[in-house]
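Below is one structure; the comments refer to it alone.
The values are calculated or read from the model by the stated rules, or taken from the named source; none is laboratory data. Here the structure is a predicted model, which means the values were calculated and not measured. Heads up, the Cβs are rebuilt from the backbone with ideal geometry, glycines too, and the neighbour counts pull from every protein chain shown. Quick note on the areas: whole protein, heavy atoms, side chains included, nothing else; ligands and nucleic acids left out. Shrake-Rupley method; radii C 1.70, N 1.55, O 1.52, S 1.80 Å.
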Amino acid sequence: MLFRSLNISCPNVSGGVDFGVDPEKTRDIVAGVRGVCGLPVVAKLTPNVTNIVTIAQAAAEGGADAVTLTNTLQGMAINWRKRAPILGNVLGGLSGPAIKPVVLRMVFQVAQKLPQLPIIAVGGIGTLDDVLEFLVAGASAVQIGTANFYNPTLADRKS
């Protein structure tokens with residue numbers, strides 16, 4: 001199925017999360033895309049918010065057909081010897097197993113409050129057990145990201 005993924009949550013570029021942390025901006029940007037795009041629109045949301053349900057509701061009100069929960073958590077790495085940040089943009093995205101409990105909670109919260117909104121879960125998924133946990137929490141589908149870097153044949157496995 002073709003769809004348009006709308007990333008309003010990238011912590012790796014300057015201003016990348018500006019739209020995704022504000023419900024009104026989220027609603028407006030999704031509505032703007034919805035108005036010019038005939039494909040299904042899936043809004044990729046940031047976990048760097050106080051209330052993910054409010055942001056997901058705004059995306060749905062703007063016309064999102066589904067949401068992706070979530071992009072990476074904002075993080076930082078420091079070279080203590082140089083007393084300087086390691087990343088060029090100072091802050092960047094933390095992904096992989098470390099964020100799974102946070103994303104699992106957010107999927108559960110959105111699914112409980114917005115049961116009609118399909119959710120694509122992203123964050124720390126690397127095993128069948130992870131997939132099943134997210135489905136039980138309320139996800140409609142899952143995406144495997146970071147696990148593909150440390151296990152490139154993961155998607156080919158039969159169990």
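Observations, loosely collected:
- In the stretch 52-139, the trypsin sites (Lys or Arg not before Pro) that fall in loop regions by DSSP, at most 11 other Cβ within 10 Å: ARG81, LYS82, ARG83
- What the Kirkwood sum gives for the stretch 54-159 is a hydrodynamic radius of 15.1 Å, with every pair of different alpha carbons counted.
- Once all protein chains are placed together, ASP28 keeps about 90 Å² accessible to a 1.4 angstrom probe.
- Only one residue of LEU154, GLY88, THR72 has its Cα farthest out toward the positive end of the dipole of the chain, where Lys and Arg carry +1 and Asp and Glu -1 on Cβ, and that residue is GLY88.
- Note on the chain: antiparallel DSSP beta bridges, both residues inside, total approximately 30 percent of the bridges counted.
- Long-range lysine pairs (8 or more apart or interchain), the stretch 17-159, Cα under 30 Å: 8
- Taking all protein chains into account, the per residue accessible area for the chain stands at 56 Å² (1.4 Å probe).
- Charge dipole of the stretch 1-146 (Cα centre as origin; +1 on each Lys and Arg Cβ, -1 on each Asp and Glu Cβ, all else neutral): 460 debye, rounded to the nearest 20.
- Sequence-distant residues sharing a close amide H with VAL49 (under 5 Å, placed H): none
- Accessible surface, 1.4 Å probe, highest first, among residues THR72, THR26, THR146, THR50: THR50, THR146, THR72, THR26
- Using only side-chain charges placed at the Cβ, +1 for Lys and Arg and -1 for Asp and Glu, the dipole size of the stretch 86-159 relative to its Cα centre rounds to 100 debye.
- Along each principal axis, Cα extent of the stretch 1-125, largest first, Å: 51, 29, 28
- Amide hydrogen neighbours beyond the local backbone of ALA121, cut-off 5 Å, H modeled: LEU69, SER140, ALA141, VAL142, GLN143
- Relative contact order for the stretch 1-155: 19 percent, from Cα pairs under 8 Å spaced at least 6 residues apart, divided by residue count.
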